[in-house]
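Notes to accompany the following structure.
The values are calculated or read from the model by the stated rules, or taken from the named source; none is laboratory data. As the structure is a computational prediction, the values presented were derived from the model and not from experiment. No Cβ is skipped: glycine too gets one built from the backbone with ideal geometry, and neighbour counts run over all protein chains shown. Heads up: the accessible areas ignore ligands, DNA and RNA and are worked out on the full protein's heavy atoms, side chains in. Shrake-Rupley method; radii C 1.70, N 1.55, O 1.52, S 1.80 Å.
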Amino acid sequence: MTDFKTIQQAIDKGSGKVHLRGWIYRERNSNKFRFIVLRDATNIIQCVIKKEEVDERLWDLSVSLGIETSVEVTGTIKEDKRAPTGYEVDVSDFKVIGESHSFPIQKDQSAEFLLDQRHLWVRSRYMTSILKVRHTVFQAFREFFNKKGFFESHMPMFTPTSCEGGSTVFAVKYFNDKVYLTQSWQLYAEAVVFGLEKIYTIAPCFRAEKSKTSRHLSEFWMGEMEAAWMDLEAVTKNAEQLIEYIVQSVLKNNRQELEILKRDVKPLQKIKAPFHHLTYDEVLEVLNSKDKLNITWGKDLRTVEEDALMKHFDKPVIVMRYPKNTMAFYKPIDPENPKVALCFDMLAPEGYGEIVGGSQRDTDIHGLIKSLNKEGELLKNYQWYLDLRRFGSVPHSGYGVGMERIVSWVCGLDNIKDSIPFPRTMLRKSP
Ligand code: 4AD
Ligand code: MG
């Protein structure tokens, strides 16, 4: 059997005979030479086919190779400072595995065209670099919680109720009934946490977001944690450590990808806990005095306000204690100020918006019933959830991290759609 090396292994080896396989990334012809840049999952490498050194059949075949043809290549690798990754393979033999003619993607095509061709565009160095960073972000999330003794735990995607309010749920036919695609694992996590105490997940979430912003997907992945005995201060501290851990893991593991993406790493190097902490009231003070905005107390912060605020900071900001009446039903009132809830959002610098949302959970059954009634929810749908307050309830808290928002931020992307292989938004459901 042929001993194929990855391109990176071949580069690390640096000399001698190598067998490679991959796809033609770029090609250039002259009368005597054919330069092919070969790519695989690990890297790219320049290969040269010399007319004088190969037989006529191979030379003629080499002239017909189109972009994205898959090939096996045998040759001798050596250092060559002029080549894109510093090494070159002098080809002695190659074999076409899958032909490719008139590959539709060329340079400088519109974002919409690339989204239509996403099934082919996912091979690009741009997309594979993002997907490698995404891999690190997911791994780092799991590592962080595994090291702290959390259990990974999974909740249903089909749910009879909403978690974050009914305006953004997707209803689906469920046999002869109707259910919703989950907006968050949280309500179920609150049940399991009274058994396992510390749990986490990364799972798809669905929101029928009508907003066509560069930050919203209708299907996205949320990393969530829930922990018994944790209060608001403890849970925000945990979130801070997590975000530092993820960003520093990407800096450690993905230098090459960040370079390909032309991401300036300096702002990311500053992402070390502690972050800035502000209350909602303090945020209004900044916005109304420094930015001369005129926000009345009680309004939820939208993208414009978040962006204005974040112009003043180069580390994430944790905004705590939002007005209770704009918040999801499970967020408890602050006993020291009943107008606000014991909750927080974490906002990313550089204009990437809300990356984390979390809170202490209301353990007061009367408070919960009042909030559910106010939202017009049917109490009978929440009886199981209310049971959690009837049988040995304890203080507990949790949060959710928008995994694509993190990937967008650390990669420095213009649009969240590039942070996931096949994005789903209000206007896009294919390929
Ligand atoms: O702030 P959210 O809505 O919080 C919850 O769903 C809680 N139940 C989580 C919890 O406490 N376990 O969502 C959490 C995060 C947001 O901060 C944001 O980063 C991301 O999920 N997010 C989205 N990301 C992409 N597209 C969307 N449409 C998103 N909606 C929320
Ligand atoms: Mg939120």
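Taking the chain as the reference, fit the longest principal axis to its C-alpha atoms, fit the long axis of helix 365-374 to the helix C-alpha atoms, and give the angle between the two in degrees, 0 to 90, nearest 10. Value to nearest ten degrees: 70. Relative to the longest principal axis of the Cα atoms of the chain, the long axis of helix 232-253 makes an angle of roughly 0 degrees. Rounded to the nearest 10 square angstrom, L284 shows an accessible area of 10 square angstrom against a 1.4 Å probe. Would you mind telling me the share, in percent, of accessible area of the chain contributed by carbon and sulfur at probe 1.4 angstrom? With neighbouring chains kept in place, the figure for the chain is 52 percent. The overall shape of region 74-196 is prolate: from the C-alpha gyration tensor, with semi-axes ordered a ≥ b ≥ c, the ratio a/c is 1.5 or greater and a/b exceeds b/c. Evaluated at q = 0.09, 0.14 Å⁻¹, a Debye calculation over the C-alpha positions of region 252-356 (equal weights, vacuum) places log10 I(q)/I(0) at -0.28, -0.61.
How large is the accessible surface per residue of the chain, computed with a 1.4 Å probe and reported in Å² as a whole number? Solvent-accessible surface per residue comes out at 49 Å². When K212, K148 are compared by accessible area at a 1.4 angstrom probe, the order from most to least is K212, K148. Overall size of region 343-431 from C-alpha positions, given as principal axis extents largest first: 46, 29, 22 Å.
Extension gain, D116-R26: 0.36 nm per intervening residue step, less the Cα-Cα distance, totals 30.2 nm. Please compute the Cα-Cα pair-distance distribution of region 310-382 with 5 Å bins starting at 0, giving whole percents from short to long. Values per bin, smallest distances first: 3, 17, 22, 19, 14, 12, 7, 5, 1, 0. Summarising the label geometry, the points placed 7 Å from Cα in the beta-carbon direction at Q248 and D60 lie 6.2 nm from one another. With no solvent and one equal point scatterer placed on each C-alpha of region 4-118, evaluate the Debye formula and give log10 I(q)/I(0) for q = 0.11, 0.13, 0.14 Å⁻¹, two decimals. Taken in order of the listed q values, log10 I(q)/I(0) reads -0.36, -0.49, -0.56. Each other residue within a Cβ distance under 11 Å of G149 adds +1 if Lys or Arg and -1 if Asp or Glu, for a net charge of +2. For region 30-98, the calculated P(r), taken from all Cα-Cα distances in 5 Å bins from zero up to the bin holding the longest distance, is 4, 16, 31, 27, 17, 5, 0 percent. For the set K17/K252; K50/K252; K272/K311; K132/K429, the pairs lying more than 30 angstrom apart at their alpha carbons are K17/K252; K50/K252.
Counted over region 158-237 with a bin width of 10 Å, the fraction of Cα pairs per bin, in whole percents, is 17, 40, 32, 10, 1. Over the chain, dividing the summed -39,500 (n - 2.57) contributions of all DSSP H runs of at least 4 residues by the number of residues returns a 222 nm mean residue ellipticity of -9000 deg cm²/dmol. Extension gain for K429-I105 works out to 114.6 nm (0.36 nm per residue, less the C-alpha to C-alpha distance).
When the surface is traced with a 1.4 Å probe over the full set of protein chains, F141 keeps roughly 0 Å² accessible.
In this simple spin-label approximation, E259 and Y174 carry label points 7 Å from Cα along the Cα→Cβ vector, and these lie 5.0 nm apart. At the residue level, H312 shows approximately 70 square angstrom of accessible surface with a 1.4 angstrom probe and all protein chains present.
Kirkwood analysis of the chain, using all unique Cα-Cα pairs, places the hydrodynamic radius at 24.5 Å.
In this simple spin-label approximation, L196 and A273 carry label points 7 Å from Cα along the Cα→Cβ vector, and these lie 2.1 nm apart. Each of the peptides 363-372, 274-283 was scored by the mean count of other Cβ atoms within 10 Å over its residues; in descending order, highest first, they stand as 274-283, 363-372.
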